[in-house]
Amino acid sequence: MPESPQMQALAERIGAWLDGATFEGYAPLGFTGLKTVEPPPEALVGATLRRVDRRAKYVSLWFDSGLRIVFHLSQAGRVDLESPPKRTKPKGAVVRWRFSDDRAVLVREHGTERKAGWWVLAPGDDGPLAGLGPEAASDEFAQWLRSASDGRRVHTILRDQHTVAGVGRGYADDVLHRAKLSPYATLKSLSADERERLIEAVRAVLAEGLERERARPGGLSENKLGEHFTVHGKAGVPCPVCGEDLARVSYESHEVVYCPRCQTGGKVLADRRLSRLVK
Ligand SMILES: [Zn+2]
């Protein structure tokens with residue numbers, strides 16, 4: 001669930017907290033976390049951290065040696081900033097990186113999925129970042145939205161990291177609500193005005209999300225990341241715009257929340273989950 005606003009703010013906090021730190025070592029705590037073999041993580045020992053940034057839902061820690069660590073939290077990954085470093089191995093732990101001045105970064109996952117991962121990349125190697133689409137708030141993506149005749153649903157497009165990077169289920173719901181578009185609307189069916197609304201909604205929702213995330217202290221530790229969405233996960237709650245109860249529909253194995261009055265002209269969308277049950 002962490003999407004670009006959570007990951008961007010997390011990258012900023014890690015960068016500030018580890019400013020000028022030297023990499024001292026690491027403890028691999030999960031079998032599947034490290035996705036690369038060469039260069040080995042040992043090659044980072046003694047390197048000084050130069051900056052921390054984000055691309056899509058990935059955070060990069062750049063070192064003066066030219067190497068970098070990249071990590072991805074998937075759905076349930078979390079990050080603890082530890083000072084002094086702990087020696088514990090919490091359930092779902094992925095890796096603990098140790099830095100100078102008694103600091104450590106622990107990556108772990110709650111729940112049962114084991115999808116969070118990390119990479120050690122040599123200069124020029126983009127690893128998992130290769131092939132990602134443009135950032136959601138970029139001019140490049142806005143231009144694409146204005147002209148593309150993509151027949152997929154906008155909700156699907158927003159979550160496809162090869163088309164546009166950084167948005168997941170949560171902000172996709174909020175973007176469509178903000179733009180007053182049906183969760184079933186296809187991009188090619190949208191008018192020029194609707195496309196402009198969509199571009200504006202993507203930018204506003206992500207900017208507001210980032211502003212909220214910048215108020216979060218520490219790493220990204222909480223199992224529940226907070227009720228920071230406008231409509232996502234809030235079926236049955238009154239729409240903050242019109243007061244109608246928000247509705248849910250099952251779509252591509254997850255739940256989409258929308259406002260029937262604001263987004264679908266009053267129409268309640270058919271829930272495919274029900275039709276599967278009666279098969
Ligand atoms: Zn509404």
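The values are calculated or read from the model by the stated rules, or taken from the named source; none is laboratory data. This structure is a prediction, so every number in the text was calculated from the model and none was measured. Using ideal geometry, Cβ is built from the backbone for each residue, glycine included, and neighbour counts are taken over all protein chains shown. Areas reflect the complete protein model, heavy atoms only, side chains present, ligands, DNA and RNA absent. Shrake-Rupley method; radii C 1.70, N 1.55, O 1.52, S 1.80 Å.
Structure above, values below:
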{"read-out": "Solvent-accessible area per residue for the range 137-279 (1.4 angstrom probe, square angstrom)", "value": "50"}
{"read-out": "Debye log10 I(q)/I(0) at q = 0.17, 0.21, 0.29 Å⁻¹ for the range 213-259, Cα point scatterers", "value": "-0.62, -0.78, -1.00"}
{"read-out": "Shape call, the range 7-102: gyration tensor on alpha carbons, a/c limit 1.5", "value": "rounded"}
{"read-out": "Rough spin-label spacing in nm, given labels placed 7 Å along Cα→Cβ, for Arg51 and Gln143", "value": "2.3"}
{"read-out": "FRET efficiency for Asp125 and Phe31, using Cβ-Cβ distance with R0 set to 22 Å, rounded to 0.05", "value": "0.45"}
{"read-out": "Two-site label geometry, Glu208 and Asp102: point separation in nm, points 7 Å out along Cα→Cβ", "value": "4.2"}
{"read-out": "Within-12-Å neighbourhood charge of Gly168 [Cβ basis; K, R +1; D, E -1]", "value": "-1"}
{"read-out": "Low-density loop cleavage sites - GluC sites (Glu not before Pro) in the range 190-258, where at most 14 other Cβ are within 10 Å (DSSP)", "value": "Glu222, Glu227, Glu244, Glu252"}
{"read-out": "Surface accessible to a 1.4 Å probe, Leu106 within the full protein complex, Å²", "value": "0"}
{"read-out": "Acute angle (nearest 10 degrees) that the helix 4-17 long axis makes with the longest principal axis of the chain, alpha-carbon atoms", "value": "20"}
{"read-out": "Fraction of accessible area attributable to carbon and sulfur, the range 1-65 (%, probe 1.4 Å)", "value": "53"}
{"read-out": "All-pairs alpha carbon distance profile, the chain, 10 Å steps from 0, percent", "value": "6, 27, 31, 21, 12, 3, 0"}
{"read-out": "Three-way shape label, the range 33-77, alpha-carbon gyration tensor, a/c 1.5", "value": "oblate"}
{"read-out": "Per-residue SASA entry for His228, accessible area with 1.4 Å probe, Å² rounded to 10", "value": "20"}
{"read-out": "Sum of -39500 (n - 2.57) over DSSP H runs of 4+, divided by residues of the chain (222 nm, nearest 500)", "value": "-7500 deg cm²/dmol"}
{"read-out": "Probe 1.4 Å, accessible area per residue of the range 1-83, Å²", "value": "39"}
{"read-out": "Top of Gly219, Gly30, Gly124 by mean-square fluctuation, Gaussian network on the chain, Cα under 10 Å", "value": "Gly124"}
